1. Considering only protein heavy atoms, with the full assembly of protein chains and a 1.4 angstrom probe, order Asp194, Asp181 by accessible area, largest first.
2. Ignoring GluC sites (Glu not before Pro) that are buried or in helix or strand per DSSP, and keeping those with at most 12 other beta carbon atoms within 10 Å, what is the longest stretch of the chain between them?
3. In percent, how large is the relative contact order of the range 1-82, given Cα pairs closer than 8 Å and 6 or more residues apart?
4. With θ taken as phi - 60° and the coefficients 6.51, -1.76 and 1.60, list the Karplus ³J(HN,Hα) couplings across the range 310-317 in order, rounded to whole Hz; mark glycine and proline as x.
5. Sort Leu287, Leu96 by heavy-atom solvent-accessible area, probe 1.4 angstrom, most to least.
6. Considering Cα pairs under 8 angstrom that are at least six residues apart, work out the relative contact order of the chain and quote it in whole percent.
7. Going from the alpha-carbon gyration tensor of the chain, what semi-axes, largest first and in whole Å, does one get by taking the root of 5 times each eigenvalue?
8. Taking the Cα atoms of the range 423-469, report the difference between the largest and smallest coordinate on each principal axis, in whole Å and largest first.
Amino acid sequence: MSTAFHARHAHLPTGVAADVGITVEDGRITGVEAGIPPQDGDHRLPGVVLPGLANAHSHAFHRALRGRTHHGGGTFWSWRETMYAVAARLDPDRYLALARATYAEMALAGITAVGEFHYLHHGPGGKRYMDPNVMGKALVQAAADAGIRLTLLDTCYLVGGLDGAGHRELEGPQLRFGDGDARTWALRVDDLRDHTDGGPAHLRVGAAIHSVRAVPRDQLATVASWARTAPATLDRTAPLSTPPTSGRGEGGRPVHVHLSEQPAENDACLAAHGLTPTGLLEAEGVLGPDLSAVHATHLTDEDVALLGRHRSYACFCPTTERDLADGIGPARALRDTGARLSLGSDQHAVVDLLEEARALEMHERLDSLERGRFTPADLLAAATAHDSIGWPDAGRIEVGARADLVAMRDDTVRTAGTDPGQVVLAATSADVDTVVVDGRVVVQDGRHRLGDVGRLLSEAIHPLVAPTD
């Protein structure tokens, strides 16, 4: 079935165009023509139409923390204890309800695909569920219900931390995260199927190393090797080989890692290995163009050069990084050395990729005392970096691409009078009117197809939080 959309303005790869007709068939864009009036039967999209936004870093269950972590100011580490308390209360059904509502909130914000950094694998005390991937499958179902695509970045998380004395054992809620070793992790994840090998059409499976604090050095290569091995060729009896140093291999799965989010992480890695976290990943063959370094806040000049040399992604989450007082990362320096940029909402203190994009520029302004560190087109590119989460055919309004469209109203109190080419610097998630994902309308007139998303969030969060949290 063919559907015709019409946009008064649309951001195309060639720039902003007026009166754009967009034809969609079987979830793909089959025609784009500018300078034509709307036709009878067109689905008319108001305001300014953007490609679908890509949330490259999400922890869905952190949504329950919003507005509950500011007692006495606190630190990153006290925030983490509150996060663990929520993690301890989740089961597959509660996880499904919370993730469904969180992903619906993302759809309302124009997000058409999310990279879920998933490490809450097992039951209390680390006991495996009968289906060891049931928590991940809850996320898969949640994304389907919310109408967005999901990249399940199944995360290897093996130890409880790193300091000068070495790695610490998992304890408390952390026991739910662990698989024992990276090979056992890989064998569990290898049972998942995505749209490339007979699984759900909206799913891509990828890999993540939680951090060098949570995965010992001798296990890092195994995670990257699994991601870079073609699914049908994984030998389930032999040790996984060292990953190819050239980066993306036959497997083609994205690899993500929390990197240098805190100075303490760098100090511990230097004490244990004599290398920065980036240097350690380089030494173990993990860096590559398929890698996304999440946060990348406290990097040395050599770290920046390494990420640029490998054409890795740096995934910034500015609203989280400022909420946790992490610092301002070297976004412009990374871009200048060849690294690519993506964006995530991480703990969901805010779910607004336009705000994340705007913060990328504003933080650079504060740090450099200069304006125009990134153009509006640069910011939109970071907000639509679907390739970083394994969807290279999305994020552009062009023939052959996935039909992901986001119509931003240009007549609200925030956007009235805005140049269509600069809407990313004015609009917020509240200005999203229509969202189309793979050709299907998921949000219309600012309302999600599931109905009252605020109510869904309230119902999902209430059982997970205690008055003292």
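The values are calculated or read from the model by the stated rules, or taken from the named source; none is laboratory data. Quick caveat, the model's predicted, so the values are computed rather than measured. Here the Cβ positions follow ideal geometry from the backbone for every residue, glycine too, while neighbour counts run over all protein chains shown. Surface areas here come from the heavy atoms of the whole protein model, side chains and all, with no ligands, DNA or RNA. Shrake-Rupley method; radii C 1.70, N 1.55, O 1.52, S 1.80 Å.
1. Asp181, Asp194
2. Counting only loop sites that pass the neighbour cut-off, the longest clear stretch is 1-168.
3. Dividing the mean separation by the residue count of the range 1-82 yields 26 percent.
4. Working through the residues one at a time gives 8, 6, 5, 8, 10, 9, 8, 10 Hz.
5. Leu96, Leu287
6. Once divided by the residue count of the chain, the mean separation gives 20 percent.
7. 34, 24, 23
8. Largest first, the range 423-469 extends 41, 27, 17 Å along its Cα principal axes.
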